[in-house]
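The values are calculated or read from the model by the stated rules, or taken from the named source; none is laboratory data. A quick note: this is a predicted structure, and the numbers were derived from the prediction, not measured. Methodologically, a virtual Cβ is constructed for each residue, glycine included, from the backbone with ideal geometry; neighbour enumeration extends over all protein chains shown. Surface accessibility is based on the protein's heavy atoms, side chains included, excluding ligands, DNA and RNA. Shrake-Rupley method; radii C 1.70, N 1.55, O 1.52, S 1.80 Å.
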Amino acid sequence: MIPSVVAAAAGNEFEQQPLPYAYNALEPYIDAMTMEIHYSKHAAAYAKNLADACVAEKVNPQTTSLETLMKNISKYSAKMRNNGGGHFNHEFFWKCMKPGTSTQPSGKLAAAINQSFGSFEAFKTAFADAGKNRFGSGWAWLVQTADGNLKIGSTPNQDNPLMDISDLKGTPLLGLDVWEHAYYLKYQNKRPDYINNWFNIVNWDFVGSQLK
Ligand code: MN
């Protein structure tokens, strides 16, 4: 691969990528209008505002990875933190879902979940609780910590476990958006119903692929 192609690929992760499925593909669990507004308005705005912040704060997407930016986010503005996190989180979130009835984790991921949480059902309960109990807007996460173990937690606003300012730290394996914009049109105030239904569309193959 020639260097210019590598550089272009690195820069692209700062831009909004195509949604990997149609807006209506996650019905009936997430409705098409929610997906369209979420992707084309909310997530698009994070990507746009991240680009603006990168210009203002002299971050070069051709030479800096999004992950490196997250790991050094304390050195930048609140605008960079909110929109860099927002962009990373949404790009990750789209990949965590897939159309069709989801299966369960398998292989190494299933073993790691059983070892850390006792069973898949116990994991689901703990993960759902992390989302339900996140006050206000934020995210629930399954992460792999530096010692290799799995951990469940949540972050406020658009923070994520890669950020140096985050209490929850680790490699994100699975992320769930619990901002009202992710579910309010269909579920209104019933965040627990959204979370319980969301398990039907988790892309466990992607989650497993994030294990180190
Ligand atoms: Mn969102």
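Please work out whether the range 100-190 counts as rounded, prolate or oblate from its C-alpha gyration tensor, where a ≥ b ≥ c are the square roots of the eigenvalues and a/c under 1.5 means rounded, while otherwise a/b larger than b/c means prolate and anything else oblate? Oblate is the answer for the range 100-190, as a/c is 1.5 or above yet b/c matches or exceeds a/b.
Add +1 for every Lys or Arg and -1 for every Asp or Glu among the other residues with Cβ under 15 Å from the Cβ of Pro18, and state the total.
Working: positive: Lys95, Lys98; negative: Glu13, Glu15, Glu36, Glu91.
Summing Lys and Arg as +1 and Asp and Glu as -1 gives -2.
Could you work out the local net charge near Tyr187, counting Lys and Arg as +1, Asp and Glu as -1, over the other residues with Cβ closer than 12 Å to its Cβ? Neighbour charge sum, excluding Tyr187 itself: 0. Average accessible surface for the range 30-212: 45 Å² per residue, computed with a 1.4 Å probe over protein heavy atoms with every protein chain in place. Considering only Tyr183, Tyr29, Tyr76, the Gaussian network model of the chain with Cα springs below 10 Å gives its largest mean-square fluctuation to Tyr76. Note: relative contact order over the range 116-174, using C-alpha pairs below 8 Å and six or more positions apart, is 29 percent. By accessible area, using a 1.4 Å probe on protein heavy atoms only, the chain has 53% of its surface on carbon and sulfur. Summing charges over neighbours of Arg134, with a neighbour being any other residue whose Cβ is under 13 Å away from its Cβ, gives -3 when K and R count +1 and D and E count -1. These residues, Ser106, Ser166, Ser154, go from largest to smallest accessible area, 1.4 Å probe, as Ser106, Ser154, Ser166.
The length gained by stretching the chain between Ala32 and Asn149 to full extension, at 0.36 nm per residue less their Cα-Cα distance, is 38.5 nm.
Counting helices only, and only those DSSP H runs with n ≥ 4, report the 222 nm mean residue ellipticity of the chain as the sum of -39,500 (n - 2.57) divided by its residues, in deg cm²/dmol to the nearest 500.
-13000 deg cm²/dmol
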